[in-house]
Amino acid sequence: MSDREESDLPNPVLVWERPEPERRPAPVPLSRDRIVNAAIELADAEGLSAVSLRKVAGLLGSGPMRLYGYIDTKEELLDLMVDAVYAEMIAEGPLDGGWQDALRTMAHRTRGVVHRHAWLTVLLSGRPHQGPNAMIHREASLAALSGQPGFADIAVALQALKTVNAYVVGALQDEASERHAIQASGMTDEEWQLATYPYLQRMLATGRFPNIARIVEEVDHPSHAEEFERGLQIILDGIAARMNR
């Protein structure tokens, strides 16, 4: 390959490893941290769709073109935002206790940051997060398991971690979908239930949905927090049962 062809290739250095521009006098000092914090503030207030380099620059009192010295694309900005949230979880301290305690703590910390940053649910799934804080968090999670009885095989620890993460992401996305539906309808949970209850009663009266009827009649309706904990305990019990086998 010629020197010219090599120079035409995109820069392979990821945003995590790319140095920031040299600081220079400017009306508004910038850094990646300031840019990311402004983007998180914007996403918390208006949702992920509101985040753009132009709007972030406006919050910082800067022109959008100045941000390109620190971040090449919006996707890089989103990656940095996610990694900043992982830093929040790391700051909560080590994952102490037995393996179930460690996984439960990890799950509830994830739910906590999602409640602080609702936009995170959109970015939790997909490719593994590879930012430095995400890797520190993953390493700490694996370390909390690998030293426990039954988890000497790192593959077993990884599978347990992935199983709990899959439950957590799914449960949080369900919660987010429900909140979005309530906001879109303009009704509270109670108002929506009152509005739809007559239809539900008519459907159940046909006798075609006996198991749904049992749910309506026999199952209590816990809070989201209680439901999350119940589902998490089922997952942990399943892992424990498999390890005992």
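Across the range 126-155, what is the total count of residues that are surrounded by 15 or more Cβ atoms within 10 Å (Cβ to Cβ), out of contact with any Leu (no Cβ under 7 Å at 6 or more places or on another chain) and free of Cβ contacts under 8 Å to residues at least 40 places away in the same chain?
3
Got a sec? Which of Ile35, Ile40 is surrounded by 17 or more Cβ atoms within 10 Å (Cβ to Cβ), in contact (Cβ under 8 Å) with a residue 12 or more places away in the chain, more than 16 Å from the chain's Cα centre (by Cα) and not in a loop (DSSP other than H, G, I, E, B)?
Just a single option satisfies the conditions, and that option is Ile35.
Would it be correct to say that Asp237 is within 28 Å of the chain's Cα centre (by Cα) and at pLDDT below 85? Explain how you work it out, then say what you get.
On the way: within 28 Å of the chain's Cα centre (by Cα): yes; at pLDDT below 85: no.
Considered against the rule, which asks whether it is within 28 Å of the chain's Cα centre (by Cα) and at pLDDT below 85, Asp237 comes out as no.
Might you check whether a residue that is surrounded by 18 or more Cβ atoms within 10 Å (Cβ to Cβ), assigned to a helix (DSSP H, G or I), at pLDDT 95 or above and in contact with a Leu (Cβ under 8 Å, 6 or more places away or on another chain) occurs anywhere in the range 118-125?
Looking for residues that are surrounded by 18 or more Cβ atoms within 10 Å (Cβ to Cβ), assigned to a helix (DSSP H, G or I), at pLDDT 95 or above and in contact with a Leu (Cβ under 8 Å, 6 or more places away or on another chain), one finds none in the range 118-125, hence no.
Which of the numbered conditions does Gly61 fail, given that it passes all the others? Conditions: (1) surrounded by fewer than 20 Cβ atoms within 10 Å (Cβ to Cβ); (2) under 17 Å from the mean Cα position of the chain (by Cα).
Against the list (1) surrounded by fewer than 20 Cβ atoms within 10 Å (Cβ to Cβ); (2) under 17 Å from the mean Cα position of the chain (by Cα), Gly61 comes up short only on (2).
Is it the case that the range 144-155 has a residue that's closer than 21 Å to Ile40 by Cα and among the aliphatic types (A, V, I, L, M)?
no
All but one of (1) part of a helix (DSSP H, G or I); (2) at pLDDT below 95 hold for Ile136; which doesn't?
(2)
When Ala176 is evaluated against the numbered criteria (1) in a loop (DSSP other than H, G, I, E, B); (2) within 18 Å of Arg116 (Cβ to Cβ); (3) among the hydrophobic types (A, V, I, L, M, F, W, C), which criterion, by number, is the only one it fails?
Going through the list (1) in a loop (DSSP other than H, G, I, E, B); (2) within 18 Å of Arg116 (Cβ to Cβ); (3) among the hydrophobic types (A, V, I, L, M, F, W, C), Ala176 breaks only (1).
Being farther than 21 Å from Gln173 by Cβ, out of contact with any Ser or Thr (no Cβ under 8 Å at 6 or more places or on another chain) and in the same structural domain as Ile234 (by TED's automatic domain parsing) narrows it down to one residue among Ala91, Ala102, Ala57, Ala144; which is it?
Residue meeting the stated conditions: Ala144.
The values are calculated or read from the model by the stated rules, or taken from the named source; none is laboratory data. Bear in mind that the values here come from a model prediction, so they are computed numbers and not experimental data. Reconstructed Cβ throughout: ideal geometry from the backbone, glycine too, with neighbour counts over all protein chains shown.
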